[in-house]
Structures are given as C-alpha cells and as structure tokens.
1. Filter region 500-509 down to the residues that are surrounded by fewer than 21 Cβ atoms within 10 Å (Cβ to Cβ) and within 12 Å of the ligand (Cβ to nearest atom), then identify the one that is nearest to TRP469 (Cα to Cα).
2. Inspect all residues belonging to region 247-254 and state whether any of them is of a type in the set (D, E, K, R), within 28 Å of the chain's Cα centre (by Cα) and surrounded by fewer than 17 Cβ atoms within 10 Å (Cβ to Cβ).
3. Restricting to region 50-61, name every residue that is among the hydrophobic types (A, V, I, L, M, F, W, C) and surrounded by fewer than 21 Cβ atoms within 10 Å (Cβ to Cβ).
4. For region 212-225, indicate whether the set of residues that are polar (S, T, N, Q) and within 26 Å of the chain's Cα centre (by Cα) is non-empty.
5. Among the residues of region 311-341, write down those that are outside any loop (DSSP other than H, G, I, E, B), more than 18 Å from PRO470 (Cβ to Cβ) and hydroxyl-bearing (Ser, Thr, Tyr).
6. Kindly indicate the residue of region 411-440 that is outside any loop (DSSP other than H, G, I, E, B) and within 21 Å of the chain's Cα centre (by Cα) and also farthest from the ligand (Cβ to nearest atom) among those meeting that condition.
7. Of (1) surrounded by 19 or more Cβ atoms within 10 Å (Cβ to Cβ); (2) out of contact with any strand residue (DSSP E or B) (no Cβ under 8 Å at 6 or more places or on another chain), ASP552 satisfies all except one. Which?
8. Return the only residue of THR497, THR486 being within 16 Å of the ligand (Cβ to nearest atom), in a helix (DSSP H, G or I) and out of contact with any helix residue (DSSP H, G or I) (no Cβ under 6 Å at 6 or more places or on another chain).
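The values are calculated or read from the model by the stated rules, or taken from the named source; none is laboratory data. Just so it is clear, the model here is predicted, and its values are computed rather than measured. Cβ placement follows ideal geometry from the backbone for every residue including glycine, while neighbour counts extend to all protein chains displayed.
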Amino acid sequence: MTTIQVKDEWKAGAKLTADQYRDWYRRSVEDPEGFWAEHGKRVDWINPYTKVKNTSFAPGNVDIRWFEDGTLNVSANCLDRHLATRGDQTAILWEGDDPADSRAISYRELHGEVCRMANVLLANGVKKGDRVTIYMPMIPEAAVAMLASARIGAVHSVVFGGFSPDALAGRLEGAQSSVLITADEGLRGGRKVPLKKNADRACEIAAQAGQAVSTMLVVRRTGGDVAWQDGRDVWWHEAREEVSADCSPAEMGAEDPLFILYTSGSTGKPKGVLHTSGGYLVYASMTHEYVFDYRDGEIYWCTADVGWVTGHSYIVYGPLANGATTLMFEGVPNYPDPSRFWQVVDKHKVNIFYTAPTAIRALMGAGDDKVTSTSRASLRVLGSVGEPINPEAWTWYYRVVGEERCPVVDTWWQTETGGILITPLPGAIDLKPGSATLPFFGVQPQLVDNEGEVIEGEGAGNLCITDSWPGQMRTVYGDHERFEQTYFSTYRDKYFTGDGARRDADGYWWITGRVDDVLNVSGHRMGTAEVESALVSHPKVSEAAVVGYPHDLKGQGIYCYVTLMEGESETEELRKELVAHVRNEIGPIASPDKIQFAPGLPKTRSGKIMRRILRKIAEDDFGALGDTSTLADPGVVEDLVEHRQNRK
Ligand code: 6R9
C-alpha cells in the first residue's frame, strides 16, 4: 500500500512536527494528568480546576470525570472571550441553498443573537438543566439555539431536520423536553422541508405519551404558511425584539451536561448520548486546532449537518472556541449542480474542507470536469469523516480535489467519543489512503479478539479504547446501566467502540466498519432494529429482518427481508408502500434499498435469526453460506437465494 510522505509545504507553519507528535503522544499516555492539566488551560475557566482526571471503566462502577472542580461557561468560551480581539471577525459564514444567498455574522453579532435567544428562553421559564430540543435547518439560528442553551445552562438535544415527526416525538419524550426550537420550513436542493408541520405533529404524538411541549420557538426561514398554536408558539423575530442583547453566562461545573444527542445502537431505541461541558470543550477545540492545523484567519468548512455530532463538535463548538470562521452550508452537494462544493470553496476562499466519503464518491461519479472547472487554490487541508473511505475515493479526493497539494485527514470517531480519536495530523503524520493512521493525544486504542484476548502488533479484531479522554460521553441520558452495558460489558475494563479494525506493520489503524447490528448508510448511523421495528409496525407485516450490504455510493445499503401476514400478497405496490412507511416512521435517510418478501426467515432451533446468512444473500455471495445445519428449517435458505434482490 502506498504511503504519502508529509510534504515540505505541509510542514511549513504546521502546528506540530512528527517528533513533537511522538513526544506529545508519549507524554499524553504516560502522564495524562500532567498533559491534560496543561492543555485544559486552552479554555477559559471561571474557577480553575485543581483535579484533572478521575475516570474508571471498572464493571459496575463506570464513572468519568474531567476537570471536575473547575467551572466555566461554554458559550462564553465560544463568544465573549473573542470580543476584545476579534469582535468584528466573521464567526459564521453562512451559504444558503440558493447560491445567491449568503450572510457573514461577526463574533459580536453572534454574541448579541445568542444573548437574545438565551433571554427569550429564560423569559419562557427555561432553567439550568432543562432540556431544549432543537429541530432546525442549517441556518445560523441553529448554532444560536445551541449556544443560547449553553449560555443559561440548559441541555440541548438537536434532532436532525430530516427525521420524521415520530422520531422527533420519541426524542422529545426521551429527553423529557418541553421546549422546542424549530423553523417554519427548511430549504434543501430547492425543495422545502415542512419542519413546523412535522414539529406540530411530533408535539401531538409526544403529548399522547405524556410529554407536553409548552413553548415552540419558531424561526422564520422561508415565510411559508404554518399552523399556529397561540400560547405555545412564539416567533423568534418577534420575541427577539422584546429582550436585551446582553445575558450573563451561567457558571457551570465542568461535569454539568452540555448536550444530549440521540444515536443508534445495535438494540432498542436510539440512546441519548450525554456530553458534559469542560472536558468536551477542551477536546473539541484541541482536536479542531491540531487535526485541521487551523491557523488564525482561515476559513474552515465542515459540510456536516448540526443534527449529527460532527456538526456539534466541528461546525459549532470546536471552531468557535478557537475563534475560527466556520462556514455553514444550508444546501446539498449537487444543487444546483455537482460543482457546488467547489464553487463555494472559491466564493469564500475556503482553506480547510471537511466532508464525508459518501459525498466524495457521489461527486467522483459526476466527473472530474465538475471539479477541474473550478480553482480551489485556497484549499490547504482536506478531511473525511463518517465511514470508512475506500482508497479509490481517498486518492481521487487527494489528486483531483486537492491536486496533491493538500493532506487528507481521515478522521475516525463517534458520537460517543465527542471528538476525533484516530487521525493524521497535517505536517506530522505520513498518509496512507484508506487509513485513519494514528491516535490523537491521550487515546489508547487496542485490538481484541472475540474472546477478549488482546492482539498485539499487526492484526485485525475489535476496536477498544483502554483509557478515558476528556471528550468521552459520560452516560446514556437517564440510563447509566445501559451505558455500562453497551460500552463496557463486552470487554472488561475497556470501552468497546462497536467497530472492527486492523493494525498494520507500521502501527497504522484501518477501520473496517461496524461489527454490531449498526448500519452506516451514507455516513448516517442506523440500528437494524429500528428499521425492523418500523417495518413490523405496518399492519401487513408479520416479521422483518434488516441487514446492510455493500453499496457503491452509500457505503452500505438497507436490505430488508419481510414476512407478510397470512393472506397478504407480495406485490410491487406493497413494496413501495413499505418503503414509504419506513420513511414516514424514521425519515428519508432510512429508506430501504431492497425489500425481499420472505415466506420464512432462517432461524436457529431456539428462534434466533441467523443474520450471517441474510447478510451473505444480500451481498449476493450465497455460495459460501457456511454452516446451516443448526437451522430449524434449512429449506428456507433455498427460497431466499432464489428470490434475492441484489443480483450482480
Ligand atoms: C463522527 C461520526 C460513528 C461510526 C463509527 C464508524 C464510522 C466514522 C469514520 C468511520 C471509518 C472513519 N466512522 N468515521 N469509519 N473511518 N473516518 O461519524 O459519528 O455518526 O456516531 O458514527 O461511523 O463505524 O463507529 P457517528
């Protein structure tokens, strides 16, 4: 496999050299207390910490605390502390869905807006610790809402704007949230997204489950018609006129919750991943600075949605804590045409660009001329996140987009990790296409086999992390037991990531993908169990099993095996109905790619579905089904193979 050595141009002005990376890394794992005591100072503390690390992964006693006696306010770190030095610098550079639409918001303006929204929340009775749900399009007010919550010590729960009313309702209930911030409509690729309408419906569903929403703050984006509930609904543009543009930041403990973010696991409903204030901010800002080699005055663009963790850490908190200019894009990569990303890069002179493999693969398919017709001369660093990037896509990104001038940082991390854990550092770490390379400071990855035996040196296995880092999630909101069960019970005294990985002879890490029942579709995480439960909620479905299969653009596609109720017929129409049903239940990102009607599913005698067999058939690799002797009825497999939907 090719290695791309750090080029001299990348070294010039870079934050760290290769030797410094090694020294810092060694110190970070040999003396985490000393290392983080020093780097914790990168944020402004109201009351400085005296304790640094107090963490345990021990079964029955998982407890993670960083900087626990320090106090701070996250929004003050992202805003107030920059006012004296860069009040007039652009904080958020917003690019609308329509290429004619953009806005630059300075740190001073952002501070004012955040204070106003914080005051509106206070006026509506929001207190420290209350959960504020945010269901927004990619407009600056989404970041304003997050920072306003943080300013008054409320805990935000951002729900991706592409989720359905049902999914939003489940998250309102889970977080016991009675305040919702949304917009009239979103705009993506020229199409309107009925956010307020979805939010209204979600409130009805949540109310039936006992979770009433008492305040819905609505940002006017498109001006489209919306229903209105007096006494509950509040227009942001009206409320902001009634309040002051000053709001003093609440003093929060380092371990006070900052946000909840729901994410999918292999079983049950999505979990509310809880992140706290101090350690999270230290880690998000430090990784943002070093991984992207961020330099003062540069324009930084992360194309994620604020509904995902990447948007939290690398559009909002990391960049703003560092006083960066962060570009926020409302639209999609191929609207009005597949040159859009590169046109935006040229328009705003973007220096650092961070996107997902699924977007890279789609744009690669659109043809090189869509890229080469633009300049991209401002680009200096390219990043990738969300799923494994295949070497072909990596190489295209490096060669065609970056013209071999820009290092590509393939950053591996998770909602649970708060920030990047395995990644190259530009100017310090040699690159290998498809490898996330080496761990960030303080991160100790380990490979274990299925029995939990540690694999040393070269090899492949399950990826664990053996000690805590400041950005680590602290608990599953309201369910610490589930936190321990999910992440710390598979392998004793280790955090289990759910990912598989390989370590090569140079100690480089290659993430191979999930080893549990979590799908990664276009970089979106989804539990097979969630899609299954959406399918079986349809009256004509008796049973469903869902697996992933390799998909050229999406990374993984969603393959559903569906057994119908007695007497229902397997029609093309019903197939479409089921796809629509799943979209309705979860959201468009969960659209099934293939539905196979299956009179029976392969089960063991104890009734367990043998997913291994279903995965093979979905991959069109049925020659090697392995041992089927434990099946209750080996005959079902023949039927499944005969009617498989993914023929190459
Ligand atoms: C940040 C984010 C986490 C899962 C993770 C892994 C996959 C993310 C990756 C990657 C290979 C990378 N993943 N980055 N796999 N290389 N650079 O995506 O968080 O939505 O929680 O997903 O995504 O499988 O476990 P999240």
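1. By that ranking, first place goes to GLY500.
2. Scanning region 247-254, I find at least one residue that is of a type in the set (D, E, K, R), within 28 Å of the chain's Cα centre (by Cα) and surrounded by fewer than 17 Cβ atoms within 10 Å (Cβ to Cβ), so the answer is yes.
3. ALA58 - this is the single residue of region 50-61 that is among the hydrophobic types (A, V, I, L, M, F, W, C) and surrounded by fewer than 21 Cβ atoms within 10 Å (Cβ to Cβ).
4. No: region 212-225 contains no residue that is polar (S, T, N, Q) and within 26 Å of the chain's Cα centre (by Cα).
5. Answer for region 311-341, where residues must be outside any loop (DSSP other than H, G, I, E, B), more than 18 Å from PRO470 (Cβ to Cβ) and hydroxyl-bearing (Ser, Thr, Tyr): THR325, THR326.
6. Among those residues, the one meeting the criterion is PRO439.
7. Just one mismatch for ASP552, condition (1).
8. THR486
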